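Here's the structure, in structure tokens; my notes come after.
We did not get these values from a lab; they are worked out from the coordinates using the rules stated. Fair warning: this is a prediction, and the values are worked out from it, not measured in the lab. Here the Cβ is made from the backbone with ideal geometry for all residues, glycine too, and neighbour counts use every protein chain on show.
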Amino acid sequence: KPRSFLLHGVTGSGKTEVYLRAIQQVVARGDQAIFLVPEISLTPQTLERVNQWFPGRVAVLHSGLTQRQKFDRWWEIRDGAYDVVVGPRSSLFAPVPRIGLIVIDEEHEWTYKQEESYPLYHARSAALELSRLTGALVLMGSATPDVETYLHASHGGHRLLELPRRISNPERNQIEGLTQELAQVEICDMRQELREGNRSIFSGKLAGYIEECLEQKQQAILFLNRRGSTPIVQCRDCGYVVVCSRCSVSLTYHSADSRLACHRCNRRTRMPRRCHQCGGAHIRQLGIGTQRVVDALLERYPGVNVDRWDADTSRTGSGPSDVMARLMNGETQVLVGTQMVAKGLDIPNVTLVGVILADVGLFVPDFRSGERSFGLLCQVAGRAGRGAAPGKVVIQTYRPSHYAIVAAADQNYASLFQREINDRYEMGNPPYSRLVHLVWQDTNDSVCQRRASTMARQFRQKVSVEGLSDVQVIGPAPGIPARLKGKHRWHILLRGRNLHRFLEGTEFPPGCTVDIDPVHVL
């Protein structure tokens, strides 16, 4: 029988409770547990609950610890001073002497994959291998499981557990085990809003719900997965877009400090008064980000207490704990944020969630873009209606008929899964094959392209000579973005079933990154 479990439960169905009770059973018999979370700063309430269940026996590992703190914590764990180790993907390698259970919360999250430096491992795969070596159980949980993991579980590779209903908190509703309805989700076609003359960030429906929410002393969350004020600064005379000198991406305007910033390398510069290309003075800001949403809220609803939670505020302003404290005590009436607000928040007074623009990320040239958009929308929709009052969700989009948005509005994972599996079968994408992503980086674009082209030619010759019909060589092509932190990028994608044999004995040149089973193919 498989020693791994996939817990598929809708948002608010009690997955964290299952994790904690499972850990309690393991600890009671004298073993220890590792509790993996996607990112430590995004799960403050989960950490609080773990500490309440196991006071004084929880070790938290994260990048914010000093080297001395990491050293001391490491040896304390090795000596068996803690029953539970909580942290991101690297916590899996903590020297837990009596490992009995590994919990992977939100197992679908791509942050479990190490992409910055070698080894390029996935914590989920590493946890399953650790389970095989030690006999420990693996419990993976998600409201929107990874399509490949769910298919594996459906075929018996993991034991599939389902929590199809949201369970109300007895502390809030006085009735233990009472089932609770998911928030009501409405799709708002922003094309129709434009036809009717509405040029605002907020549709008429969302604006009305926000006003109603504020009048009833309830709280709202507005989600937009794009930080800053405006993502594009353009000259209206010649069309020139201000881009980063080190990365081939546009600079984003941040009104808080009146600066342009690159969200790839963090390079900052002043807002230009005149166009660098034609000298024109008609410089305009296009698009929206979280800061602009905050500004629009304050303009439309004067006096409302608005808080913002994204990577910018986490770096320069108050930390996640301060944001959470203000939200919990009701000081914050409206919270605006990126994907940080979509995970781990359980605030009973939040009755409204507004998705400002669901199209962000929907058409990224990656075969997983639909699945990721669906997961993000379902997660953020799950923040509404966790208390006694029913929840409402408004999804604003210019593509209301897109399958991922329709499935997210219905909270219908089965529909999304079936569509994704059919598409991947037709294209031969995972789980029906494996991928290897090869990326070349160099300060010289022609050198980078030549190296990638040479290897692609060698691969195709090998496929032809050996008659391998199940191996495809895709590329070379410029990466997305084509230039990053001063280095040009070219990439090749290998797709097939026996790629380990195909690549056996291959020598890769300097400057080439080899990523097996990548989570991104950009």
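How much length is gained if the chain between V465 and S248 is pulled fully straight, taking 0.36 nm per residue apart and subtracting their Cα-Cα distance, in nm to one decimal?
Fully extending the segment from V465 to S248 adds 74.3 nm.
Please compute the length gained on full extension between Q458 and N412, using 0.36 nm multiplied by the number of residues separating them and subtracting their Cα-Cα distance.
In short, 12.1 nm is gained.
Assign unit charges at the C-beta atoms only (+1 for Lys and Arg, -1 for Asp and Glu), then state the dipole size of the chain relative to its Cα centre in Debye, rounded to the nearest 20.
The dipole magnitude comes to about 1400 debye.
Report, to one decimal in Å, the Kirkwood hydrodynamic radius for the chain based on all distinct Cα pairs.
With all distinct Cα pairs of the chain included, I get 25.1 Å.
In the range 106-166, how does Rg compare with the Kirkwood Rh, expressed as the Rg/Rh ratio over alpha carbon atoms?
1.00
Could the peptides 155-163, 371-379 be put in order, highest first, of the mean number of other beta-carbon atoms found within 10 Å of their residues?
371-379, 155-163
So, counting K/R as plus one and D/E as minus one, what does the shell of residues with Cβ under 13 Å around L376 add up to?
The answer is +1.
Can you tell me the order of 282-292, 450-460, 139-149, 54-64 when each peptide is scored by its average per-residue count of other Cβ atoms within 10 angstrom, highest first?
Descending mean neighbour count gives 139-149, 282-292, 450-460, 54-64.
Give the cross-link partners of K113 among the lysines, using a straight C-alpha distance below 25 Å as the criterion and excluding same-chain residues fewer than 8 apart.
Partners found: K15, K70, K343, K485, K487.
Whole-Å semi-axes of the range 390-472's equivalent ellipsoid, largest first, each the root of 5 times a Cα gyration tensor eigenvalue?
Largest first, the range 390-472 gives 40, 21, 9 Å.
Which shape class applies to the range 280-402: rounded if a/c is under 1.5, otherwise prolate when a/b exceeds b/c and oblate if not, where a ≥ b ≥ c are the square roots of the Cα gyration tensor eigenvalues?
The shape class here is oblate.
Strictly greater than 17 Å: what percent of every Cα pair in the range 21-106 meets that?
41 percent
List, largest first, the extents of the alpha carbons of the range 180-328 along their principal axes, each in whole Å.
57, 42, 28
Taking 2.2 N^0.38 Å as the expected size of a compact globular protein, what ratio does the Cα radius of gyration of the range 462-521 give against it, to two decimals?
1.26
Suppose the chain between R165 and Q216 were pulled fully straight at 0.36 nm per residue; how much longer would it get relative to their current alpha carbon spacing?
My answer for the length gained is 15.6 nm.
Label point 7 Å out from E186 along Cα-to-Cβ: which residues of the range 207-246 have amide N under 15 Å?
From the range 207-246, the list is 207-214.
Based on Cα positions only, what radius of gyration and what Dmax would you give for the range 336-422, in angstroms?
Rg, Dmax (Cα atoms, Å): 13.0, 41.
Please work out the Cα convex hull volume for the range 54-164 and give it in Å³ per residue.
130 Å³
How many angstrom lie between the Cα centre of the range 457-471 and the Cα centre of the range 370-443?
If we compute the Cα centre of each part, the gap is 34 Å.
Expressed as a whole number of Å, what is the distance separating the alpha-carbon centroids of the range 43-78 and the range 214-291?
One Cα centre to the other: 38 Å.
When the Debye formula is applied to the Cα atoms of the range 103-254, each taken as the same point scatterer, what base-10 log of I(q)/I(0) results at q = 0.12, 0.19 Å⁻¹?
Rounded to two decimals, the profile gives -0.99, -1.21.
What translational diffusion coefficient, to the nearest whole µm²/s, does the range 361-508 have by Stokes-Einstein, given a Kirkwood radius computed over alpha-carbon pairs, a temperature of 37 °C and 0.692 mPa s viscosity?
Using the Kirkwood radius from Cα pairs, D works out to 180 µm²/s.
List the Cys residues of the chain that have no partner Cys with a C-beta closer than 4.7 Å.
Among the cysteines of the chain, those whose Cβ sits 4.7 Å or more from every other are C188, C213, C265, C378, C448, C512.
May I ask for the net charge around E39, where only other residues with Cβ less than 11 Å from the Cβ of E39 are counted and Lys, Arg are +1 while Asp, Glu are -1?
-1
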